[in-house]
2 protein chains.
Amino acid sequence: MLPAQRRDELLRVLRTEGRVVAKDFATRHGLSEDSVRRDLRELAAAGLAQRVYGGALPVSPAVVDYAGRRQVAVENKDRVARAAVELVRPGCTAILDGGTTALAVARALPPDLEATIVTHSPTVAAALAEHPTVEVLVLGGRLFKHSVVTSGSITAEAAAGVWADVFLLGVTGVHPEAGLTTGDPEEAAMKRTLAGRAGDTYVLASAEKIGAASAFRVLPLEHVTGIVTDVPFDDPAARALLDVGAPLIPAT
Amino acid sequence: MLPAQRRDELLRVLRTEGRVVAKDFATRHGLSEDSVRRDLRELAAAGLAQRVYGGALPVSPAVVDYAGRRQVAVENKDRVARAAVELVRPGCTAILDGGTTALAVARALPPDLEATIVTHSPTVAAALAEHPTVEVLVLGGRLFKHSVVTSGSITAEAAAGVWADVFLLGVTGVHPEAGLTTGDPEEAAMKRTLAGRAGDTYVLASAEKIGAASAFRVLPLEHVTGIVTDVPFDDPAARALLDVGAPLIPAT
DNA sequence: CGTACTAATGCCTAGTCTTGCACGTTCTTC
DNA sequence: GAAGAACGTGCAAGACTAGGCATTAGTACG
């Protein structure tokens with residue numbers, strides 16, 4: 001078996017079975033354990049696998065599985081998060097919304113990024129405490145239990161003292177007619193306030209949000225600078241959005 | 001099953017089921033209880049799980065039901081926390097400091113307690129999101145990475161608008177001469193500010209803090225209403241404190 | 001066709017990681 | 001307060017690993 005072929009096979013097994021046991025793989029394919037281990041080492045060095053004692057695991061297997069959400073959606077959110085990280089330029093000030101996608105963005109920020117992040121989410125703030133070079137400003141106020149963010153007049157007042165370059169906004173629906181929506185009126189108002197405190201507003205919308213709509217409008221599509229999403233552009237819902245001029249940004 | 005995979009699986013179960021019972025997990029996956037226990041120990045050491053008698057719980061109590069939490073082994077901080085919970089009367093307003101002991105208090109609050117909790121710790125705020133009947137006010141401001149609390153002028157300003165019945169204060173040292181101390185001057189100032197916003201100030205001090213002193217004074221002992229601690233009263237350090245009139249409160 | 005070169009491989013060794021077991025201790029329960 | 005379950009620790013056996021080294025296979029070039 002060719003070396004390259006062997007590595008492809010390793011990656012395939014890794015994807016389909018979620019793991020590779022060096023010894024078993026060698027036995028099953030009539031290879032020496034040495035070769036398999038060498039391959040695994042190289043795949044790990046290339047960032048394509050995670051080397052562990054006894055074999056290898058996919059790069060980020062269950063680790064991304066946050067709070068027991070559906071794995072699929074989580075992977076989507078991760079993809080969106082990785083793309084959204086690019087929007088936070090070094091030296092800039094960004095407002096980060098609450099929610100799992102925004103949390104994923106916080107975690108995905110480069111460890112050496114020097115920037116100022118403003119957030120009304122205690123969870124996001126706690127996650128950002130891990131980033132030594134990021135300056136974090138927490139917007140205080142009444143804690144809104146459902147989505148674990150502060151909101152209301154105190155928070156709005158605190159936000160009034162802030163001007164940011166970008167706002168990364170999480171919503172529950174992005175719809176061609178309804179625009180950006182979320183499930184709670186107070187939450188919607190808070191997000192609207194934050195959008196007013198930044199130059200550019202980018203929406204974080206994993207595929208399942210595209211074409212969906214909730215009860216309360218946050219903003220019309222025209223007020224948005226970009227919508228970061230991992231939905232394929234030939235998806236009907238995506239097409240409908242593109243038709244009304246929504247600025248979709250693909251998350252590879 | 002690979003060791004690394006086993007740990008991932010443990011974390012996954014922890015997140016989805018809210019707990020892991022060592023014996024069951026071992027039986028279900030055909031593993032020795034020893035390995036499972038060892039893994040749990042390591043996960044706990046890494047801060048990814050909370051070790052309890054019989055198994056483990058998630059670090060954040062998000063999915064843990066109250067019944068499951070009763071099994072939690074009573075460690076020092078928990079003992080102090082359980083005693084401190086009594087200080088938060090129904091209907092009152094309490095300021096909760098940052099730190100692990102304060103976090104333990106937040107988690108130990110009765111699920112049906114109706115009270116208002118003010119905090120400058122995002123971590124504590126996130127934990128309190130689980131308490132439907134507790135009104136939570138987050139003090140915003142610059143995030144102080146080391147101890148994961150907000151502090152500084154913005155936070156002080158937000159605190160100025162608050163008046164609470166009690167302040168539960170965490171420190172790193174309670175010393176007969178030095179008084180209450182902590183390792184950072186800004187942190188000390190913040191705690192002092194908060195103490196000025198409440199009628200009574202209670203200190204949360206697990207045994208190892210008693211008799212210890214750090215570089216920066218928060219308050220002299222005279223300004224304190226009570227010091228909740230699990231140290232035995234016949235301990236020399238405790239005696240020294242009692243001798244200077246410190247109001248020690250025993251945590252059973 | 002032969003030579004020189006590189007890549008790939010298998011084997012060996014020293015060292016690390018994991019595991020199951022034994023033992024004494026701690027915690028829970030009745 | 002006694003029995004039993006769960007615990008942590010120490011230890012030795014075995015599995016796994018990285019790196020070195022010699023051999024082989026494959027390739028480029030004269």
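Within the stretch A:173-186, the set of residues being modelled with pLDDT under 90, farther than 12 Å from residue A:211 by Cβ and crowded, with 22+ Cβ neighbours inside 10 Å comprises just one member, A:182. When restricted to residues that are more than 8 Å from chain A (Cβ to nearest Cβ) and under 12 Å from residue A:136 (Cα atoms), the stretch B:125-149 contains 2. I need the full set of residues from the stretch B:118-163 which are surrounded by fewer than 19 Cβ atoms within 10 Å (Cβ to Cβ) and at positive phi, in order please. Listed by number, the list holds a single entry, B:152. Give the number of residues within the stretch B:32-56 that are within 13 Å of DNA strand C (Cβ to nearest atom) and either within 14 Å of chain A (Cβ to nearest Cβ) or among the β-branched types (Val, Ile, Thr) (or both). Final tally of qualifying residues: 8. Could you check the stretch A:157-192 and list, in sequence order, the residues that are under 15 Å from residue A:137 (Cβ atoms) and out of contact with any Asp or Glu (no Cβ under 8 Å at 6 or more places or on another chain)? Hits for the stretch A:157-192 are A:157, A:158, A:159, A:160, A:161, A:162, A:163, A:164. Would you check which residues across the stretch A:10-28 are more than 9 Å from DNA strand C (Cβ to nearest atom), assigned to a helix (DSSP H, G or I) and crowded, with 16+ Cβ neighbours inside 10 Å and list them? A:10, A:11, A:13, A:14, A:22, A:25, listed by residue number. Per the listing B:152, B:173, the residue uniquely touching a strand residue (DSSP E or B) at 6+ places or on another chain (Cβ under 6 Å) and more than 12 Å from chain A (Cβ to nearest Cβ) is B:173.
For the stretch B:81-107, a tally of residues being under 9 Å from the mean Cα position of the chain (by Cα) and aliphatic (A, V, I, L, M) returns 6. Applying the condition of being away from chain B (no Cβ under 14 Å) and within 11 Å of DNA strand D (Cβ to nearest atom) to the stretch A:19-31 and asking which residue is farthest from residue A:8 (Cα to Cα) yields A:27.
The values are calculated or read from the model by the stated rules, or taken from the named source; none is laboratory data. Fair warning: this is a prediction, and the values are worked out from it, not measured in the lab. All Cβ positions, glycine included, derive from the backbone under ideal geometry; neighbour counts span all protein chains shown.
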